[in-house]
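The values are calculated or read from the model by the stated rules, or taken from the named source; none is laboratory data. All figures in this text were calculated on a predicted structure; none of them were measured in a lab. No Cβ is skipped: glycine too gets one built from the backbone with ideal geometry, and neighbour counts run over all protein chains shown. These area figures cover heavy atoms from the full protein model, side chains too; ligands, DNA and RNA do not enter into them. Shrake-Rupley method; radii C 1.70, N 1.55, O 1.52, S 1.80 Å.
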Amino acid sequence: MRDHYDVLVIGAGPAGLAAAQTAASHGARVGLLDAQPRPGGQVWRHDVQHPLPRDARNAVDDLHGVDWLARHSVVATESSSLRVETPQGSRLLSYGALVIATGARELLLPFPGWTLPGVTGAGGLQALAKQGWPVAGRRVVIAGSGPLLLAAADTLRKHGAQVVGIYEQANAGNVRSFAAQLRHWPARAWQAAGLRLRLAGIPYRFGSFVRKAHGDDCVQRVDIDTPHGVQTVACDLLAVGYGLVPNTELAALLGCALDHSDIHPRVQVDALLRTSVANVYAAGESCGIAGLAVARIEGALAGHRAAGHVDAARALLAPRDRERRFGALLARHFALDSRLHKLADDLTLVCRCEDVRMGELTGFTDARAAKLATRCGMGACQGRICGTALAELGRFPRSGSRPPIFPARLATLAGLSPLSSDDAQRGS
Amino acid sequence: MSARIRLTVNGHPVEVPAGASVAVAVAHVTLRFRRSVSDTPRAPLCGMGVCFECRVQVDGVAHVRACMTPASEGMQVVTDA
Ligand SMILES: Cc1cc2nc3c(=O)[nH]c(=O)nc-3n(C[C@H](O)[C@H](O)[C@H](O)COP(=O)(O)OP(=O)(O)OC[C@H]3O[C@@H](n4cnc5c(N)ncnc54)[C@H](O)[C@@H]3O)c2cc1C
Ligand code: FES
């Protein structure tokens, strides 16, 4: 089956939703696809217990004139079309213009004990709680870096978790100066004040990070390095995330140039969000981490642009630039402490898919050679976790991914549709 | 929101709210989602489809990411840990 869209949007987070709605408002035939079952992306993820805030609900529900393609994963690209996998089989979607709005994932760093069940990302546990994960009454330690720790704490507390403490690696001076700068973004200052109020009573410690997680079958306690020495805290769940990194795999597969000026690449775009490939635009956190407001503005900008309305796109440049500055502020104040680079010892598993230990990587200076010799990065996640961590730790940059960008069924790869049940085995 | 979905995990009946993921259903029974190549138990890490630590078998199909799959009535989920 082949379907054509004037504008096809990949990723239904705030950026992709805005892009799709904006392009549709110009009369374009628009498709919006996401690997997730519901639109919303990370911040507006559907919550089984609590309804979304009203403006989020409006954005998520307002899909008039847009073909919503749920549980569609892009696995490969062909000329002006994408090979997608759905629960029913595979499809080929062609497009006039494409908007990449693939967002970001958490940066997860290895430390002794991080493979124990019960250890998750910070946004990771937040996402699981929204899916209905049983957190009520559980003691949760939240650690890592950035404002996402507070957002995660807020969600977890709403779901009945007992948040034992929030441990931020950035030092107190940096966090204080970040908070002071928020006055330039009144909406954010307001949000932060609300969060602080709701989280009152939960210890929020700075210059502190998880050194080690202990437990038999699952995590039971953690050692936390604080400015006053190592503290051991008992818990049922440990949620650790060190900020976000852009999802650039799809853009790379399409041949879009990436900006490598930071450790973690982002999609390179011009002022009006055009990538290096004709008719392909990118918006939101895939172009760099800067939060919800940027995602919404850039989504609209890309939607105008992809539908051929350049002036309307240009009108959004000033607010976009302003919000992008928030990203720089985040990066500066929550820069990672170099002690985090040394948390993993030789025995710590780095590649969780293939169980490769840190010590096995000694002597390798590039990802491809390490992969061939040790299988590091060869598993199902295709190096999204270990490759990104190793880049952050200064070992070596992540090697480029090849199609399929997610493990796909054999039938999808053969371009066959629909799926017969004995093809339902996946290569990894 | 009040609707409940019934499914089984390793043969145990489980009830979850409509809209919950398979990962949630599994968590009601066990935190051992899969066994790694060197035989250690694993459970969800990223919650968003990236890490593949939550893979389970759903209605006979292996290697399904539990965090990306909505639970549905009568589903049979099997973990390998
Ligand atoms: C786990 C997590 C939790 C977060 N929680 C918060 C929060 O509570 N508050 C807050 O302000 N910010 C939060 N953030 C930050 C958040 O990333 C931004 O605020 C905002 O969601 C960015 O919007 P976006 O549209 O750029 O990307 P996202 O919201 O990340 O949306 C990207 C979408 O693209 C889809 N996608 C990616 N690749 C593919 C592919 N190949 N095929 C199909 N679909 C694909 C993803 O499934 C996702 O739905 C969170 C981030 C993460 C990673
Ligand atoms: S928990 Fe990471 S893919 Fe499901």
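The table below gives the values:
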{"item": "Filter result for the condition that a residue is at negative phi and within 7 Å of chain A (Cβ to nearest Cβ), over B:V24, B:V29, B:V56", "result": "B:V24"}
{"item": "Flag if A:G288 is among the small types (G, A, S), under 22 Å from A:S276 (Cα atoms) and either modelled with pLDDT of 95 or more or open to solvent by 70 Å² or more (accessible area, probe 1.4 Å) (or both)", "result": "yes"}
{"item": "Matching helices (runs of 4 or more DSSP H) fully within segment A:118-226 where at least 2 residues are more than 14 Å from chain B (Cβ to nearest Cβ)", "result": "A:148-158, A:172-181, A:186-198"}
{"item": "Unmet requirement for B:C67, which otherwise passes all of (1) farther than 15 Å from A:A127 by Cβ; (2) in contact with a helix residue (DSSP H, G or I) (Cβ under 6 Å, 6 or more places away or on another chain)", "result": "(1)"}
{"item": "Given (1) open to solvent by 30 Å² or more (accessible area, probe 1.4 Å); (2) assigned to a loop (DSSP other than H, G, I, E, B); (3) at pLDDT 95 or above, number of the condition A:L272 does not satisfy", "result": "(1)"}
{"item": "Residue tally, condition more than 9 Å from chain A (Cβ to nearest Cβ) and either surrounded by fewer than 19 Cβ atoms within 10 Å (Cβ to Cβ) or among the hydrophobic types (A, V, I, L, M, F, W, C) (or both), over segment B:59-79", "result": "9"}
{"item": "Out of A:R368, A:R325, sole residue that is in a helix (DSSP H, G or I) and in contact with a helix residue (DSSP H, G or I) (Cβ under 9 Å, 6 or more places away or on another chain)", "result": "A:R325"}
{"item": "Filtered residues of segment A:312-365 (kept if without any contact (Cβ under 8 Å) to a residue 12 or more places away in the chain and within 14 Å of chain B (Cβ to nearest Cβ))", "result": "A:D355, A:R357"}
{"item": "Residues of segment B:32-48 classified as free of Cβ contacts under 8 Å to residues at least 24 places away in the same chain, surrounded by fewer than 16 Cβ atoms within 10 Å (Cβ to Cβ) and on the phi < 0 side of the Ramachandran plot, total", "result": "2"}
{"item": "Filtered residues of segment B:1-23 (kept if more than 16 Å from ligand 1 (Cβ to nearest atom) and among the hydrophobic types (A, V, I, L, M, F, W, C))", "result": "B:M1, B:A3, B:I5, B:L7, B:V9, B:V14, B:V16, B:A18, B:A20, B:V22"}
{"item": "Residue within segment A:14-37 that is within 15 Å of ligand 1 (Cβ to nearest atom), without any contact (Cβ under 8 Å) to a residue 60 or more places away in the chain and over 20 Å from A:A251 (Cα atoms) present", "result": "yes"}
{"item": "Residue in segment A:49-59 that is open to solvent by less than 20 Å² (accessible area, probe 1.4 Å) and either away from ligand 1 (no atom under 11 Å from the Cβ) or within 13 Å of chain B (Cβ to nearest Cβ) (or both) present", "result": "no"}
{"item": "Unmet criterion (only one of (1) out of contact with any strand residue (DSSP E or B) (no Cβ under 7 Å at 6 or more places or on another chain); (2) over 23 Å from A:A315 (Cα atoms); (3) surrounded by fewer than 24 Cβ atoms within 10 Å (Cβ to Cβ)) for A:S25", "result": "(2)"}
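The rows are residues; the columns are (1) of a type outside the set (V, I, T); (2) modelled with pLDDT of 95 or more.
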| position | (1), (2) |
| --- | --- |
| A:H4 | yes, yes |
| A:R29 | yes, yes |
| A:L33 | yes, yes |
| A:W44 | yes, yes |
| A:V48 | no, yes |
| A:P53 | yes, no |
| A:A56 | yes, no |
